[in-house]
1. Kindly put Arg211, Arg139 in sequence by how many other C-beta atoms sit within 10 Å of each C-beta, fewest to most.
2. May I ask you to sort Glu147, Glu56, Glu152 by Cβ crowding, counting other Cβ atoms within 10 Å and putting the fewest first?
3. Show me, bin by bin at 5 Å from 0, the whole-percent P(r) of the stretch 106-167 based on Cα pairs.
4. Seen from all sides and averaged, what is the projected area of the convex hull of the Cα atoms in the chain, in nm²?
5. Kirkwood Rh over Cα pairs of the stretch 134-195 into Stokes-Einstein at 20 °C, 1.002 mPa s: D in µm²/s?
6. Could you order peptides 195-201, 219-225 by the average number of other Cβ atoms within 10 Å of their residues, highest first?
7. Just from its helices, what would the mean residue ellipticity at 222 nm be for the chain, if runs of 4 or more DSSP H residues each count -39500 (n - 2.57) and the sum is divided by every residue, rounded to the nearest 500 deg cm²/dmol?
8. Using alpha carbon coordinates only, what is the Rg to Rh ratio of the stretch 44-157, with Rh defined as the Kirkwood radius?
Amino acid sequence: MRGISKQPSIIDRSAFSHILLSSAILFNKMIQLKNLVPVPLKEKFQVRKSSIWNTEVTFNKGEWIKIKAPSGTGKTTLIHSLYKLRTDYEGSVSYNDKNILEVQDDALASLRQQNISIIFQDLRLFANLTARENIELNRVLQAPYYESAMIEQMADTLQITHILNQRTGLCSYGEQQRIAIVRALMQPFEWLFMDEPFSHLDMDNSERAARLIAQECRKRNAGFILTDLDEDTHFSYTRNLTL
Ligand SMILES: Nc1ncnc2c1ncn2[C@@H]1O[C@H](COP(=O)(O)OP(=O)(O)OP(=O)(O)O)[C@@H](O)[C@H]1O
């Protein structure tokens with residue numbers, strides 16, 4: 001039963017098979033960038049080489065990609081372009097050879113609900129809702145992947161149980177970052193985009209969060225793209241790239 005099970009389980013998704021099928025047609029887990037050049041960065045990057053900008057790069061199913069780059073080189077711009085939050089670029093971003101600019105609103109919503117999850121650098125929590133409400137909102141917006149009891153389990157792992165019923169506007173940035181991580185892991189995904197996901201966390205909390213993220217990605221055979229300023233050993237990355 002939802003909400004009281006001691007061993008949270010993955011929900012039977014057969015009832016939502018029509019939704020999953022329609023997004024599966026669109027999504028084949030491969031992300032292709034062709035000569036991508038964000039307009040605001042056009043002049044900046046031309047003076048140096050990049051393994052992402054203005055070249056052809058493919059992120060294959062299940063890859064764990066780290067993008068390490070200094071401040072202001074376009075990490076957030078890239079993540080937002082992949083998620084179609086911004087389109088001010090030349091070149092293309094494609095999923096399964098389908099240019100994301102051609103993906104209409106319904107299909108985009110389905111992609112974001114079933115195939116792609118995200119941890120924003122600026123977290124984007126609703127400040128007037130509690131931590132639990134923020135997480136629960138994302139869980140029930142799509143065909144739920146987990147029962148709500150999984151919120152307690154993940155919160156316990158990340159040591160934020162005590163603030164689950166607190167308004168997130170009153171939580172510290174480190175607590176908010178952990179809430180945003182749990183929120184992202186509560187939904188189905190084949191790709192997880194993470195923009196500096198541990199920027200407010202100490203080493204112990206970062207390692208706990210990384211272990212949980214790795215576990216959830218393995219469970220789904222999912223890939224991720226993680227940006228950060230520095231090198232780290234949190235994950236066994238399949239590729240390390242720079243901007
Ligand atoms: N709409 C825009 N108009 C003008 N400049 C922009 C716009 N969007 C981003 N920029 C600039 O593009 C550059 C890259 O910004 P972005 O936020 O992607 O960098 P970042 O690598 O994520 O930085 P940080 O590590 O500091 O978060 C910055 O110099 C920023 O000022």
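Coordinate-derived values only; no laboratory data. Given the structure is predicted, the values throughout are model-derived calculations rather than measurements. Reconstructed Cβ throughout: ideal geometry from the backbone, glycine too, with neighbour counts over all protein chains shown.
1. Taking fewest neighbouring Cβ atoms as first place, the list is Arg211, Arg139.
2. Neighbour counts put them in this order, fewest first: Glu56, Glu152, Glu147.
3. 4, 15, 23, 27, 20, 8, 3, 0
4. Details: hull surface 51.4 nm².
With the hull built on Cα positions only, its mean projection is 12.8 nm².
5. Values: Rh = 12.0 Å.
Calculated translational D: 179 µm²/s.
6. 195-201, 219-225
7. Values: 8 runs with 79 residues, N = 243.
Here the helix-only value at 222 nm equals -9500 deg cm²/dmol.
8. Working: Rg = 16.9 Å, Rh = 16.9 Å.
In the stretch 44-157, Rg relative to Rh is 1.00.
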